[in-house]
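All remarks here apply to the structure that follows.
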Protein chains: 2
Amino acid sequence: MAARKKTPSKKAASKKAPKKAAKANGRTSSEIVARNKKLDALTVSLIRDAAGDVHKDIEKRAKPDLAFPVRSLKNVSYSTQKGYFEIGRQKKVRTLTVNTVKGFAQTLRMMGLSKELVETNDFATKRDAYYQSKNWEDARFEEQSESDTVMDDIEALFSVRGLSREQLRFVPDEHGGAVAGRLVVLDPDRETGQVERIDCTRFGSGAYSIPSTVEHLSFETDAKFVLAIETGGVFQRLQSHKFWQTADCILVSMAGVPTRATRRFIRKLSDECKIPVYAFVDCDPYGISNIYRTLKVGSGNAAHLSQFFCVPQARFLGVTPQDIVDYRLPTHPLQDVDIKRAKDALKNDPFFKTHKPWQKAIEQLLKMGVRAEQQALAKWGLNYVIDEYLPRKLEQTARFLP
Amino acid sequence: MAARKKTPSKKAASKKAPKKAAKANGRTSSEIVARNKKLDALTVSLIRDAAGDVHKDIEKRAKPDLAFPVRSLKNVSYSTQKGYFEIGRQKKVRTLTVNTVKGFAQTLRMMGLSKELVETNDFATKRDAYYQSKNWEDARFEEQSESDTVMDDIEALFSVRGLSREQLRFVPDEHGGAVAGRLVVLDPDRETGQVERIDCTRFGSGAYSIPSTVEHLSFETDAKFVLAIETGGVFQRLQSHKFWQTADCILVSMAGVPTRATRRFIRKLSDECKIPVYAFVDCDPYGISNIYRTLKVGSGNAAHLSQFFCVPQARFLGVTPQDIVDYRLPTHPLQDVDIKRAKDALKNDPFFKTHKPWQKAIEQLLKMGVRAEQQALAKWGLNYVIDEYLPRKLEQTARFLP
C-alpha cells in the first residue's frame, strides 16, 4: 500500500521526486487490486445480507422492514476522541405495506443497482441513477429529488455498516480539487487492473484533478504534510513557485468548501500515509466555520458521512485573527452575515463549543470587527506568502488552532 | 511547436499514447522557451510604448491621455468571418487633470506592475494586484472593485494591440477544467525553462487540471477532435471508460460555463494542432445559449476578450432538440427562465440571429416545451452514451449545429 514516510534528509528529499519504487508495478500493484476486490466483495455481501433479511421475512409471510438511521441534527453528536460529527442511534423503520410498497421497491432496486455497479466495476451519479430508474416501470422515480432521498437513505443504512456511498458506487457529479507536490497516486485501471503511477511533481504549472471517487486509489509519499488551500489563486502561486519542493509537502486546492471527493482524498492520504493536514484559508467566519469546520469534522446535516469524509487530523495554519495583528494585514469590515455566522458558531456548533482556543479566536475576530483574505499577504509582496509567512508558521505547528 | 495530426491508422493510434517525440527535450523545448520569451519581450515593449507616449506628452508640457476601448454591448459586433464577438472602435479618452490624477496614476502603476511581472516571470490575480496596491501610498485602491476596473481598462487597452490579460500576467483566481486523453502538454518551468511533458493518457481515473494561465503551454497530439463536456458526471464516465482511447480524442470537462483558462486552453489547442472542437452539453437554453455560445463566440459584455477566449471552430454535437425525439429521452418541462432565455437568444443574440439552423432548433425546443440533460441518455443504460450515442453522432459530424 502507501509507502511510509521515510524521514530522508531534508535537502535530498526536497530536490527530487518521490522514488519510483520498483514494487509499484509488482507486488504492491496486485496488493492494491486485491484490497479493492476485497472491499467490493464486502460491499456485495452487505447488500446481499440486507436484501436477504427482507427475503426471509417475505418467505415467513411476515412484513419485511428496513431500518434507516435518522438523518437530522438532533441525531448527531460530536466526539473529541473520534474527532468528527457522528450520527446517533435513532432509527426510522420502513415496513412494507400497501402504502409504502413503491418506496420499498425503489429502495431495493436502488440497492440492486449498487450491487450491479460493484460487480461490473462501474459507477453512477445521482442523476444517472434517476434516469436509470426510467426503465424500472412502476418503480421509476418521477422526480430526481425522490431518487436522491432513497439514495441518501441507502447511504445512511450502509454507513452504519462502515460503507460509504462511493463504495456503493454512487459517485458525486462534482469534480474534486487540484493536487500538486510530493505524491505519487496509484490508480488501478478499471478493466486491466494495471496500476497507473501518477507523479504529482510532474505537472508543470498544472495539477492533478481528483476524480469523483477515490476509494480505489493508493498513495506513495515522503511529504511532511498536506497543505489544504482555500483559493485557486494561492494554490497557483504555491504550485508555480514549487513551494511543495522547498517545504516538502503536498498542495491541495479546495476552491472554497471542499467537495466530497476532495475531503475523502485528503482523509485517505493522511490516514494511509500518516501525514498531518494543515488548512490555509481566509480569516473570516466562512473560512473558519464553513470551510475548515466542514473539512475537519463534517457538517451537521450529513453526519452519517463524517466518518468517511472528515479529516479529524486537520489543523488550522491560518490566516488567524492574531495574524491580522501580527502581519498588519489589510482588512474588510465584518458584514452582518459574518457576525451572525460567528455568533452561531460560538453558540450552537459542538465543534467550536468544545475547543476553547477557537472560542477565543472567534471572539477576537468579532471584537476587531474585520476579516482578512489569505491574499492580503500580497501587500508585503506577491511572494511574501512563500518566502516569509508560511515558513514562519510552519516552524511552530504546535501553535496551530485545533 | 505542436506536432501536426499524423492521420495514423485508427487501430494503432487508439492503442498507444502519443509518441514521445525525442525532440521534446531538445530543439522543440528551446523553441517553446524562445517563443514565450519573444511574446514577453513584445508585451514589455507595448507597455513601454504606451507609457512612453505619456512620458513624451509630459516632457512637452502637454496633458497626457490614454484611450481605452468602450466596454459595452453597444460597442460589439459579430462577424461570421472572424467567428466571434468583436469590440468596436469607440474609445473613451482619459486625460490627466487634477480630477483624474489618482486614476491616471493607478493605471500607470498597474501597467508598471504588469511589466514587472513579465520581467520576473511571475503573475498576479485581481486580488493580488489589489493588495499589492496597498503599498502604492496615495495611488492605493480603497476597494477591489476599483482595481478590477483599472485592470479591465488596461486589458481592453492592450487587447486592441493583440495582447490578452494573461500575457500581461494578470491571471484569474479560478481553476481551469479537467483534461484527459490523447494529448501531451508541454510546460516549461518558470525558472529553469526545462520543459515538463504531461501525458494526459496517464492520469488513471483522475485528470489534468488546467492552470490559471495557459499562454506558456504547447501541445503534442494526434487526436481527431476535442470533446468539451458540460458535466463532471459525463466527463468522469468517459474518462473512466477511456472513451478517448476508442474515439481517438481529447476530453475536456467544462463544469458549466467554462472558465477563461479552460476556453483559452481549448482555443490554443484547436488553433495550434488544427483539430475540431465538439461541444456536448445539456439540451436546454442554458446549455445552448450560455455554455455553448460563450465557448464559441464569447460573451457580449466582455467582447474585448473574445479574440483570445472564444473557440470559433467549436460545433454542437448535442444534446440537440431533435435528439430528444430520436432517442426518446426523459425530459423536464421548460421553466419560465428557460423560455425567457430562449426567446432572448432568438431576438437579441447576434450569434443565433446569424445562424438559421440554430433558430430552427431553438424554435423546436420552445414548441416541445421541454428540456433534456445529457445524463438522460442513461435511461438506455449507463454506458449507452459511450456505446451508442457518441459513436452514432460522430459518424455525422457534418450535421452538427454550427
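State yes or no: is B:Ala255 within 14 Å of chain A (Cβ to nearest Cβ), under 14 Å from the mean Cα position of the chain (by Cα) and modelled with pLDDT under 95? Here the answer is yes, as B:Ala255 does meet what is asked.
For the range B:160-167, indicate whether the set of residues that are more than 22 Å from A:His216 (Cα to Cα), of a type in the set (A, V, I, L, M) and open to solvent by 10 Å² or more (accessible area, probe 1.4 Å) is non-empty.
The first filter runs over the range B:160-167 and keeps only residues more than 22 Å from A:His216 (Cα to Cα), leaving B:160-167.
Imposing the further condition that a residue be of a type in the set (A, V, I, L, M) reduces the set to B:160, B:163.
Remaining after also requiring open to solvent by 10 Å² or more (accessible area, probe 1.4 Å): B:160.
Yes, that holds for at least one residue.
B:Arg264 - would you say it is open to solvent by 10 Å² or more (accessible area, probe 1.4 Å), more than 8 Å from chain A (Cβ to nearest Cβ) and either touching a helix residue (DSSP H, G or I) at 6+ places or on another chain (Cβ under 8 Å) or of a type outside the set (Val, Ile, Thr) (or both)? So B:Arg264 passes the test.
Just one of the listed residues (A:Leu108, A:Leu113) is open to solvent by less than 40 Å² (accessible area, probe 1.4 Å) and closer than 17 Å to A:Asp153 by Cβ, and it is A:Leu113. Every test in (1) farther than 26 Å from A:His216 by Cα; (2) open to solvent by less than 10 Å² (accessible area, probe 1.4 Å) is passed by B:Gly233 save one, and that test is (1).
Restricting attention to the range B:61-76, does a residue exist that is under 29 Å from the mean Cα position of the chain (by Cα), in a loop (DSSP other than H, G, I, E, B), surrounded by 13 or more Cβ atoms within 10 Å (Cβ to Cβ) and at pLDDT below 50? For the range B:61-76, residues under 29 Å from the mean Cα position of the chain (by Cα), in a loop (DSSP other than H, G, I, E, B), surrounded by 13 or more Cβ atoms within 10 Å (Cβ to Cβ) and at pLDDT below 50: absent.
So is B:Phe400 among the aromatic types (Phe, Trp, Tyr), at pLDDT below 95, within 26 Å of the chain's Cα centre (by Cα) and more than 18 Å from B:Ser253 (Cα to Cα) or not?
Numbers: among the aromatic types (Phe, Trp, Tyr): yes; at pLDDT below 95: no; within 26 Å of the chain's Cα centre (by Cα): yes; more than 18 Å from B:Ser253 (Cα to Cα): yes.
Taking the combined requirement at face value, the residue does not satisfy it.
Among the residues of the range B:283-298, write down those that are open to solvent by 10 Å² or more (accessible area, probe 1.4 Å) and touching a strand residue (DSSP E or B) at 6+ places or on another chain (Cβ under 7 Å).
Once the filter is applied, which keeps residues that are open to solvent by 10 Å² or more (accessible area, probe 1.4 Å) and touching a strand residue (DSSP E or B) at 6+ places or on another chain (Cβ under 7 Å), the range B:283-298 yields B:Asp284, B:Lys296.
Which of the residues that make up the range A:277-324 are closer than 28 Å to A:Gln90 by Cβ, in contact (Cβ under 8 Å) with a residue 40 or more places away in the chain and hydroxyl-bearing (Ser, Thr, Tyr)? Within the range A:277-324, A:Ser289, A:Ser299, A:Ser306 meet the criteria.
Scanning the range A:329-353 for residues that are outside any helix (DSSP H, G or I) and in contact (Cβ under 8 Å) with a residue 40 or more places away in the chain turns up A:Leu329, A:Pro330, A:Thr331, A:His332, A:Leu334, A:Asp349.
Reported count of residues in the range A:241-255, each being crowded, with 24+ Cβ neighbours inside 10 Å and among the aliphatic types (A, V, I, L, M), is 4.
Tell me, please, whether a residue that is under 13 Å from A:Asn36 (Cβ atoms), among the acidic types (Asp, Glu) and more than 8 Å from chain B (Cβ to nearest Cβ) can be found in the range A:204-225. So far as the range A:204-225 goes, yes, one or more of its residues are under 13 Å from A:Asn36 (Cβ atoms), among the acidic types (Asp, Glu) and more than 8 Å from chain B (Cβ to nearest Cβ). For the range B:171-225, taking the residues that are farther than 17 Å from A:Arg197 by Cα and without any contact (Cβ under 8 Å) to a residue 24 or more places away in the chain, the one that is most open to solvent (accessible area, probe 1.4 Å) is identified as B:Thr192.
So that you can scan it fast, the table gives a plain yes or no per residue for (1) within 14 Å of another protein chain (Cβ to nearest Cβ); (2) in a loop (DSSP other than H, G, I, E, B); (3) surrounded by fewer than 18 Cβ atoms within 10 Å (Cβ to Cβ); (4) modelled with pLDDT of 95 or more:
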position: A:Trp358; (1), (2), (3), (4): no, no, no, yes
position: A:Gln364; (1), (2), (3), (4): no, no, yes, yes
position: A:Lys367; (1), (2), (3), (4): no, no, yes, yes
position: A:Lys379; (1), (2), (3), (4): yes, no, no, no
position: A:Glu388; (1), (2), (3), (4): no, no, yes, yes
position: A:Arg392; (1), (2), (3), (4): no, no, yes, yes
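Among the residues of the range A:79-90, those that are open to solvent by less than 40 Å² (accessible area, probe 1.4 Å) and either among the aromatic types (Phe, Trp, Tyr) or under 17 Å from A:Ser164 (Cα atoms) (or both) comprise A:Tyr84, A:Phe85, A:Ile87, A:Gly88.
When the test is whether a residue is of a type in the set (Asp, Glu) and facing chain A (nearest Cβ under 8 Å), B:Glu142 does not pass it. Kindly check whether there is at least one residue in the range B:301-321 that is at pLDDT 95 or above, in a loop (DSSP other than H, G, I, E, B) and buried (at least 20 other Cβ atoms within 10 Å of the Cβ). The answer is yes, given that some residue of the range B:301-321 is at pLDDT 95 or above, in a loop (DSSP other than H, G, I, E, B) and buried (at least 20 other Cβ atoms within 10 Å of the Cβ).
Residues checked against (1) among the charged types (D, E, K, R); (2) under 30 Å from A:Gly232 (Cβ atoms); (3) at pLDDT 90 or above; (4) touching a strand residue (DSSP E or B) at 6+ places or on another chain (Cβ under 6 Å):
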{"position": "A:Ser159", "(1), (2), (3), (4)": "no, no, no, no"}
{"position": "A:Leu168", "(1), (2), (3), (4)": "no, no, yes, no"}
{"position": "A:Pro172", "(1), (2), (3), (4)": "no, yes, no, no"}
{"position": "A:Gly193", "(1), (2), (3), (4)": "no, no, no, no"}
{"position": "A:Arg197", "(1), (2), (3), (4)": "yes, yes, yes, yes"}
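Yes or no, residue by residue, for (1) in contact with a Ser or Thr (Cβ under 8 Å, 6 or more places away or on another chain); (2) more than 30 Å from A:Gly204 (Cβ to Cβ); (3) within 14 Å of chain B (Cβ to nearest Cβ):
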site: A:Phe123; (1), (2), (3): yes, no, yes
site: A:Tyr131; (1), (2), (3): no, yes, yes
site: A:Asp153; (1), (2), (3): yes, yes, no
site: A:Val160; (1), (2), (3): no, yes, no
site: A:Gln167; (1), (2), (3): yes, yes, no
site: A:Ala180; (1), (2), (3): yes, no, yes
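The values are calculated or read from the model by the stated rules, or taken from the named source; none is laboratory data. In this text, all values refer to a predicted model and were calculated from it rather than measured experimentally. All Cβ positions, glycine included, derive from the backbone under ideal geometry; neighbour counts span all protein chains shown. Quick note on the areas: whole protein, heavy atoms, side chains included, nothing else; ligands and nucleic acids left out. Shrake-Rupley method; radii C 1.70, N 1.55, O 1.52, S 1.80 Å.
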